[in-house]
Amino acid sequence: MPSAPARGLAVTLIGAFLSAAPVAAGPLLDAAIEAEKLAAQNDAKGAFEAMRSGLAAFSQSLPLTVPRAVFITEVPKAYRAYTAKAEPVFVTGEKLITYVEVAGLKWQPAPNNQRQSHFTVDLELTDDEGKTLALQKEFGNFTFTGHSDAIEVYTHLTLDVDGAKPGAYVLRYTVNDVIAERSTPFELAFTLKDKS
């Protein structure tokens with residue numbers, strides 16, 4: 001059995017080894033460190049770009065996700081610039097507009113030194129008992145091309161249920177990342193009623 005001084009030396013050596021071992025920080029921490037360094041040098045533009053790039057890289061490491069999906073009253077003006085419907089109740093003839101945010105998309109090189117993502121959205125409409133009333137693959141098909149990987153990706157989906165009877169329904173959309181070959185669904189329940 002080692003003596004107390006030998007045990008102390010072993011603990012000290014292990015501690016020194018662990019503190020010297022490289023730590024995998026990840027894109028967010030790396031970006032924050034770089035951004036702080038650039039900000040300290042009064043390079044606000046560089047600091048912002050470092051954080052934006054780090055967040056974009058981090059986003060691609062996440063599972064494909066729909067962080068926000070809500071019925072809205074009109075076509076959105078920008079990312080998170082929309083008016084949500086107070087209740088998911090529509091009158092016959094009214095179109096269902098859904099605001100959708102997508103995170104975790106993969107980006108790939110595109111012509112002219114740009115970057116591109118591509119996703120589709122499948123639709124399934126069921127009644128309140130789960131019976132499928134409508135099913136459409138690639139109800140939406142979206143390609144985003146820009147000079148860098150985007151962080152704030154959103155779109156809107158408009159569905160016309162004209163002719164459907166009043167009652168309770170469930171709208172199920174499935175977002176498909178074409179590049180990464182992965183999918184994620186989300187559901188929104190709504191009620192259709194006759195015009196007063």
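The values are calculated or read from the model by the stated rules, or taken from the named source; none is laboratory data. Everything numeric here is computed off the predicted structure, so don't read it as measured data. Glycine gets a Cβ as well: all are built from the backbone with ideal geometry, and neighbour counts include every protein chain shown. The area values use the complete protein model at the heavy-atom level, side chains included, leaving out ligands, DNA and RNA. Shrake-Rupley method; radii C 1.70, N 1.55, O 1.52, S 1.80 Å.
The distance from the alpha carbon centre of segment 44-103 to that of segment 128-196 is 13 Å, rounded to a whole number.
Applying a length cut-off of 20 Å (Cα extent along the axis) and a mean Kyte-Doolittle floor of 1.6 to the DSSP H helices of the chain leaves no helix.
When the accessible area of the chain is computed with all protein chains present and a 1.4 Å probe, what percentage of it is carbon and sulfur? Carbon plus sulfur share of accessible area: 57 percent. Considering all different alpha carbon pairs of segment 81-196, the Kirkwood hydrodynamic radius works out to 15.7 Å.
Of all aspartates and glutamates in the structure, the ones whose alpha carbon falls short of 15 Å from that of K85, not counting any fewer than 8 places away in one chain, are E74, E94. Note on segment 74-124: Cα convex hull, mean projected area over all directions, 5.9 nm².
Counting only DSSP beta bridges with both residues in the chain, tell me the antiparallel percent, nearest 5. Rounded to the nearest five, the antiparallel share is 95 percent. For a distance above 19 Å, tell me the whole-number percent of Cα pairs in the chain that qualify. In whole percent, the share of Cα-Cα pairs in the chain beyond 19 Å is 70. Given in Å, the Rg to one decimal and the Dmax to the nearest whole number for the Cα atoms of segment 28-73 are 14.6, 45. Could you tally the net charge around T132, taking each other residue with its Cβ under 15 Å from the Cβ of T132, Lys/Arg +1 and Asp/Glu -1? Result for the local shell: -3.
Starting from the Cα gyration tensor of segment 31-102, take the square roots of the eigenvalues, sort them a ≥ b ≥ c, and report rounded, prolate or oblate (rounded when a/c is under 1.5, otherwise prolate if a/b is larger than b/c, else oblate). In terms of gyration-tensor shape, prolate. Spacing of the modelled spin labels on N112 and K137, each 7 Å from Cα toward Cβ, amounts to 3.2 nm. The H on the amide N of V70, modeled in the peptide plane, is under 5 Å from the matching H of Y99, each at least 5 residues off or on a different chain.
When +1 charges are put on Lys and Arg Cβ atoms and -1 charges on Asp and Glu Cβ atoms, the dipole computed for the chain relative to its Cα centre reaches about 380 debye.
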